[in-house]
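For reference, the structure discussed in these notes is given below.
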Protein chains: 2
Amino acid sequence: MNFEEKVLTTKSIYHGRIINLEEQTVELPNGQTAQREIVRHHGAVALLCLTAAQDKLILVRQWRQPLSKTTLEIPAGKIEINESPSVTAERELNEEVRLTAKRLEKIAVFYTSPGFADEKMYLYLAHDLQPVQKKLPQDADEFLELVELTMEETDQAVEQGEICDSKTLMAVWYWKLLQTQAKG
Amino acid sequence: MNFEEKVLTTKSIYHGRIINLEEQTVELPNGQTAQREIVRHHGAVALLCLTAAQDKLILVRQWRQPLSKTTLEIPAGKIEINESPSVTAERELNEEVRLTAKRLEKIAVFYTSPGFADEKMYLYLAHDLQPVQKKLPQDADEFLELVELTMEETDQAVEQGEICDSKTLMAVWYWKLLQTQAKG
């Protein structure tokens with residue numbers, strides 16, 4: 001079965017600092033046409049970071065204007081043009097958490113919302129974290145608070161809705177899988 | 001610490017069928033101003049469905065125009081205006097998979113991309129699935145293929161990148177957690 005949609009026209013709607021928006025007219029497999037609304041994004045990285053004793057998850061509290069509230073999320077950031085994801089990961093780890101990892105293990109690569117956006121995210125598990133020697137400057141419009149939570153406190157933060165985004169829930173569930181493997 | 005960003009102006013950029021786009025000027029906690037690009041979305045549901053023997057994951061193969069490729073995803077769909085998420089879930093289960101659940105267990109609620117979008121997703125575990133008596137009509141512009149994969153085949157589909165979105169990876173990891181609990 002051929003599912004491909006052929007692009008008939010592409011109309012650029014918006015060029016932003018973080019996203020672009022375009023509207024496409026496509027030809028469906030049955031010959032009919034349809035409209036597609038597509039958000040273009042450069043991609044992002046996120047980092048599952050545990051404290052040295054492996055018993056706490058490192059999170060960042062920040063304001064999220066689309067949600068009009070603060071959230072607790074794992075450290076993350078946008079990939080700059082021509083930057084490789086692992087370089088972004090090292091940079092964000094320094095900027096947001098002031099740590100550096102001896103090894104970054106890529107545990108998942110995924111699209112955050114494939115119905116309307118092409119944002120691709122690289123999720124890393126950071127191994128052997130150490131304080132950074134040289135702190136990179138932080139983004140001028142970013143206000144962050146570092147938080148370390150035990151598994152029990154993490155579950156509470158999920159319950160209370162302060163942990164409320166897909167990448168962070170993925171990190172929490174992956175951490176649970178790691179713990180069951182360590183026990184098994 | 002107060003993180004709140006005060007909205008100074010909101011400019012509507014685009015009204016689409018699935019998303020709206022707005023640009024905000026906000027006042028930061030330090031008194032400076034910044035631009036925010038915000039995609040508005042009605043929200044969506046997704047369903048973790050296992051076969052009767054609990055040994056296969058039910059997935060949908062479909063074309064995703066933002067990615068210009070087909071993907072394997074768990075059944076999902078957009079919440080209509082004034083529709084409650086559990087009603088959406090029952091509807092999508094019928095439309096996409098031709099099944100009905102005796103019970104829908106909400107296992108996660110999350111934002112897919114809180115940096116630029118307010119899309120909220122409700123992830124359900126479907127219990128006691130049965131074939132539907134009355135099939136609802138499918139969306140005219142949706143072409144779907146149902147696929148059932150064992151855990152091993154699912155891991156391969158992740159490896160090969162055909163399973164490549166956050167909600168489906170979450171479902172896979174939750175299924176793994178369920179299996180370790182069943183064994184433990």
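The values are calculated or read from the model by the stated rules, or taken from the named source; none is laboratory data. Being a predicted model, the structure only gives us computed values, none of them experimental. Calculation scope for accessible area: heavy atoms of the full protein, side chains included, ligands and nucleic acids excluded. Shrake-Rupley method; radii C 1.70, N 1.55, O 1.52, S 1.80 Å.
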For segment B:143-156, in residue order, the Karplus 3J(HN,Hα) values (coefficients 6.51, -1.76, 1.60; θ = phi - 60°; whole Hz; Gly and Pro = x) are 10, 10, 10, 7, 9, 10, 10, 5, 4, 5, 5, 5, 4, 5
Convex hull of Cα atoms in segment B:10-76, direction-averaged projection (nm²): 7.7
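With the alpha-carbon atoms as the only input, what is the per residue convex hull volume for chain A in Å³?
Convex hull of Cα atoms, per residue: 166 Å³.
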Taking the alpha-carbon centre of each part, the distance from segment A:11-73 to segment B:39-68 in Å is 18
Mean accessible surface per residue for segment B:22-105, computed with a 1.4 Å probe while every protein chain stays in place, in Å²: 39
In order through segment A:29-38: 3J(HN,Hα) via Karplus (6.51 cos²θ - 1.76 cosθ + 1.60), integer Hz, x for Gly, Pro: x, 8, x, 6, 10, 8, 9, 10, 9, 10
Which distance in Å, rounded to a whole number, links the C-alpha centroids of segment B:81-119 and segment A:79-131? 28
Could you check how much of the accessible area of chain B is carbon and sulfur, as a whole percent, using a 1.4 Å probe? 46
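How would B:R40, A:R17 rank on accessible area, largest to smallest, probe 1.4 Å?
Highest to lowest solvent-accessible surface, that is A:R17, B:R40.
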Which semi-axes, in whole Å and largest first, does the equivalent ellipsoid of segment A:44-114 have when worked out from the alpha carbon gyration tensor as the square roots of 5 times its eigenvalues? 19, 18, 12
Count the DSSP beta bridges whose two residues both fall in the protein assembly as shown, then state the antiparallel fraction as a percent rounded to the nearest 5. 85
Enter the buried accessible area of the A/B pair, total of both sides, probe 1.4 Å, in Å² rounded to the nearest 100. 5700
For chain B, what does -39500 (n - 2.57) per DSSP helix run (n ≥ 4), summed and divided by total residues, give at 222 nm, in deg cm²/dmol to the nearest 500? -6000 deg cm²/dmol
The convex hull of the Cα atoms of the protein assembly as shown, divided by residue count, gives a volume in Å³ per residue of 149
